[in-house]
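This report refers to the structure that appears directly beneath it.
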Amino acid sequence: MTTAGIIMSFDFGTQRIGLAIGQYVTCSARPLEVLNARDGMPHWPKIETLLNEWRPDRVVVGLPLSIDGSEQPITSRARTFANRLQSRFKVHVVLHDERLSTVEARSVLFARGGYRALEKSKVDAWAAVIILESWLEQFPQ
């Protein structure tokens, strides 16, 4: 598999971290998976495996902000997660405003399958898709 132009995104959470994969060519993304976390700490070897498999050019981490743009307690934890990704795996990490990504993910999933489609794991992965596609819209290659 060629990996030129691949971007991976993370929707950070203290219990689950959604992942998506996308590409510059199509400016689109798809859900990859959801990783369980313990108080915001993921299983780092699993992330390493995914990064080695996909070899993304860039990693986008959603930055959770309040509706008014102010920071909240989870914001600093997402920044710490992004910093650890960058230092641990030497990948290019950028932060991207993720306001309302979970709301939009729920809306997309509901439209596709009703209430049964609203599993938490699906929502987190789709939130990562929305974060990545939003970033691609603002920063196309």
Inset, instruction - List, in order, the whole-Hz ³J(HN,Hα) value for each residue of the range 70-79 obtained from phi through the Karplus relation with A = 6.51, B = -1.76, C = 1.60 and θ = phi - 60°; use x for Gly and Pro. - result: 7, 7, 10, x, 5, 4, 5, 5, 5, 4
Legend entry - Taking W44, W54, W135, W126 and counting other C-beta atoms within 10 Å, the order from fewest to most: W44, W54, W135, W126
Inset, instruction - Please list the non-local residues whose amide H lies under 5 Å from the amide H of V61, H modeled 1.01 Å from N, same-chain partners needing a gap of 5 or more. - result: F10, V94, L95, H96
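Read-outs throughout are calculated quantities, based only on the coordinates presented, and are distinct from any laboratory measurement. In this text the structure is predicted, and so the values were computed from the model without any measurement. Cβ atoms come from the backbone with ideal geometry, glycine included; neighbour counts cover every protein chain shown.
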